[in-house]
Amino acid sequence: MRKKIVAGNWKMNKNSEETAHLIAQLRTEIPQSDAEVIIAPTFVNLAEAATQLKGSFIEVAAQNMHFAENGAYTGEISADMLKSVGVRTVILGHSERRAYFGEDDALLAKKVDAALKAGMRIIFCFGEELDERKKGEHFKVVERQLKNALFHLDGPSWEHIVLAYEPVWAIGTGETASPEQAQEMHAFIRKTLSDGYNKQLAEEVPILYGGSVKPGNAGEIFSKADVDGGLIGGASLVAADFAAIVAAA
Ligand code: PEP
């Protein structure tokens, strides 16, 4: 039985004071749940958030990291630095990183390797753009993204991977994939894993859905057989909404 996961991607939102405040709200408002709860504040607030949440039911994740262990990479953060402040999970491949910072499959494969080498867990994001879906290329695009960045991994490495299918046309747009569209793609992803590895591995890898998940649609999306929870953007910044989404998981 796969455990449900609800992860909040705060993106470039919340200063230090606001981060502490939202975390305090989440600690009181999120109901008791079997779901795993993760939040990803900005880099500068990670250390403080990890300290504030030490021993609690909420885990802290980073939104990105560099592939190198250290060195002349101005403005970048390494896996070791994340681990040194208590962060053991990192989001990689988010569509905003791909679109605005030029991150491609080859770079992401290097980041994946570096994170795994450092013993971190990865929430790996991927998904098609609107024109790709309109042209009926969404399965092909998703398969390519997965294969290029992840299929060089050996089977045991997948224990540290959480997949997050995020159709780009549904991120921050208010437009959500229908529960049926999400289920159809998640089943396809599982089949791709089964074909590339084996059925057991395909059944064990958590696959989250991301794209305008809100309290009003979370329950139906999460009820689909191959949807194991969500990666939440906008709604993770409002304690009551994120709490309601966790409750729906
Ligand atoms: C995201 O950025 O990962 C995301 C899913 O955003 P939103 O929930 O705002 O669509």
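Would you be able to tell me the number of residues in the range 236-249 that are small (G, A, S), without any contact (Cβ under 8 Å) to a residue 60 or more places away in the chain and surrounded by fewer than 20 Cβ atoms within 10 Å (Cβ to Cβ)? Matching residues across the range 236-249 total 1. Restricting to the range 209-249, give me the number of residues that are touching a strand residue (DSSP E or B) at 6+ places or on another chain (Cβ under 7 Å) and more than 9 Å from the ligand (Cβ to nearest atom). So the answer is 11. Which residues, counting only those in the range 1-35, are in contact with a Gly (Cβ under 6 Å, 6 or more places away or on another chain) and not hydrophobic (A, V, I, L, M, F, W, C)? K4, N9 - these are the residues of the range 1-35 that are in contact with a Gly (Cβ under 6 Å, 6 or more places away or on another chain) and not hydrophobic (A, V, I, L, M, F, W, C).
All of K134, K147, K110 fail the test of being on the phi < 0 side of the Ramachandran plot, in contact with a Gly (Cβ under 9 Å, 6 or more places away or on another chain) and of a type in the set (K, R), apart from K147. Within the range 114-136, being under 19 Å from the mean Cα position of the chain (by Cα) and of a type in the set (G, A, S) holds for A114, A115, A118, G119, G127.
Each residue in the range 157-174 was checked for being within 13 Å of the ligand (Cβ to nearest atom) and either of a type in the set (S, T, N, Q) or more than 18 Å from F222 (Cβ to Cβ) (or both), and 5 pass. Exactly one residue out of T74, T28, T51, T42 is touching a Phe, Trp or Tyr at 6+ places or on another chain (Cβ under 7 Å) and surrounded by fewer than 19 Cβ atoms within 10 Å (Cβ to Cβ), and it is T42. A single member of T42, T19 is under 20 Å from the mean Cα position of the chain (by Cα), of a type in the set (S, T, Y) and within 16 Å of the ligand (Cβ to nearest atom), and it is T42.
Among the residues here, L150 qualifies as touching a Leu at 6+ places or on another chain (Cβ under 9 Å) and away from the ligand (no atom under 15 Å from the Cβ). Scanning the range 80-106 for residues that are over 17 Å from V162 (Cα atoms) and either crowded, with 18+ Cβ neighbours inside 10 Å or within 16 Å of the ligand (Cβ to nearest atom) (or both) yields M81, L82, E96, R97, R98, A99, Y100, F101, E103.
Only the coordinates and a few stated rules stand behind these numbers; no lab work does. The structure displayed is predicted, hence computed values, not measured ones. Note that each Cβ is placed from the backbone with ideal geometry, even for glycine, and that neighbours are counted across all protein chains shown.
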